[in-house]
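The values are calculated or read from the model by the stated rules, or taken from the named source; none is laboratory data. Fair warning: this is a prediction, and the values are worked out from it, not measured in the lab. Note that we place each Cβ from the backbone using ideal geometry, even for glycine, and neighbour counts take in every protein chain shown. Remember, those area values only see protein heavy atoms, side chains included, never the ligands or the DNA or RNA. Shrake-Rupley method; radii C 1.70, N 1.55, O 1.52, S 1.80 Å.
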Amino acid sequence: MLKIIVSGCNGHMGQCVVCGCEGLEGVEVVAGFNRTPLKKNCFEVYSDPMSYEGPADVVIDFSNPANLDALLEFCLLRKIPIVLCTTGYSEEQLHDIEKAAARIPVFKSGNMSLGINLMMQLVKRAAAVLGESFDVEIVEKHHRRKVDAPSGTALMLADAVKSQRPDAEYVYGRSGQHKRQPNEIGIHSLRMGNVVGEHEVIFATDNQTITLKHQAHDRALFAEGALTAAGFLVGQPAGFYHMDDLLGP
């Protein structure tokens, strides 16, 4: 039986993970972590991870960057692998995550969707083939409750372009008056309604436009990815794991 702790268990994504577990054999949510320890399901919820003393095989985190310190402290003390699905970490926090990965298995992805990670590979290929003559703009759309902007996924897509165009510079929005420079990657964020997630990468010249687009229709797809990552991570040696490790070549 795979024993899972869900961090951010009372949020939208946390509840998706909990529901996803209910349909799986050999998987059990043994506890939840949440700033407001309201019990919505059959397991106990803790505002302080250190208050939980029961068994666990892995932690899945869909919460907030503010919770990272407490989560890493708990996982390092208990030697429990962690799947980090939260976005918006600071540079210092990213460094802390890397240090933790030297001692426990850590899986981190800005997007847990298989489709998005395939799109990243396509974007990288397009950037390599099309070259610097194409302008690149990225547009991401999410629900009004999303805190960080641009999304972690938009930054991952921008990084995919930059891996092929190392001189590229990120420009966030188009406020002000200046002519677009050839090496710019424009990144634009929209927050509205209950949009689950949409990402577009646009390559354009004077003569043609190529658009790669991914639309998430249900948050369940992110929960499925997180649970797959959790199953993969258990039993792995200490290290920093990404979606490429899960998907393979």
Review point. Taking only pairs six or more apart or across chains, which ones have beta-carbon atoms under 8 Å, a first residue in region 160-177 that is of a type in the set (K, R), and a second residue that is crowded, with 18+ Cβ neighbours inside 10 Å and assigned to a helix (DSSP H, G or I)?
Key: R165/A127
Point to revise | Output for region 126-174, where each listed residue is assigned to a helix (DSSP H, G or I) and over 22 Å from the mean Cα position of the chain (by Cα) | key: A126, A127, A128, V129, L130, G131, E132, S133
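With the requirement that a residue be without any contact (Cβ under 8 Å) to a residue 40 or more places away in the chain and within 19 Å of the chain's Cα centre (by Cα), what does region 9-36 give you?
To start, the set of residues in region 9-36 that are without any contact (Cβ under 8 Å) to a residue 40 or more places away in the chain comprises 9-10, 15, 18, 22-23, 25-26, 28-36.
Scanning region 9-36 gives C9, N10, Q15, V18, F33, N34.
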Point to revise | Conditions (1) over 14 Å from the mean Cα position of the chain (by Cα); (2) open to solvent by less than 50 Å² (accessible area, probe 1.4 Å); (3) more than 30 Å from D57 (Cα to Cα); number of the one not met by H199 | key: (1)
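Have a look at F33, F62, F43, F74 and point out the one that is among the aromatic types (F, W, Y) and under 18 Å from G239 (Cα atoms).
Values: F33 fails: under 18 Å from G239 (Cα atoms); F62 fails: under 18 Å from G239 (Cα atoms); F43 fails: under 18 Å from G239 (Cα atoms).
Among F33, F62, F43, F74, only F74 is among the aromatic types (F, W, Y) and under 18 Å from G239 (Cα atoms).
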Revision key, fill the gap. Selection from region 37-78 of residues free of Cβ contacts under 8 Å to residues at least 60 places away in the same chain and among the β-branched types (V, I, T) yields V45, V59
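Every residue in region 138-169 that is under 19 Å from T205 (Cα atoms) and either modelled with pLDDT under 95 or open to solvent by 60 Å² or more (accessible area, probe 1.4 Å) (or both), please.
Applying the first criterion (under 19 Å from T205 (Cα atoms)) to region 138-169 yields 138-139, 158, 161-162, 164-165, 167-169.
Once the filter is applied, which keeps residues that are under 19 Å from T205 (Cα atoms) and either modelled with pLDDT under 95 or open to solvent by 60 Å² or more (accessible area, probe 1.4 Å) (or both), region 138-169 yields K162, Q164, D167, E169.
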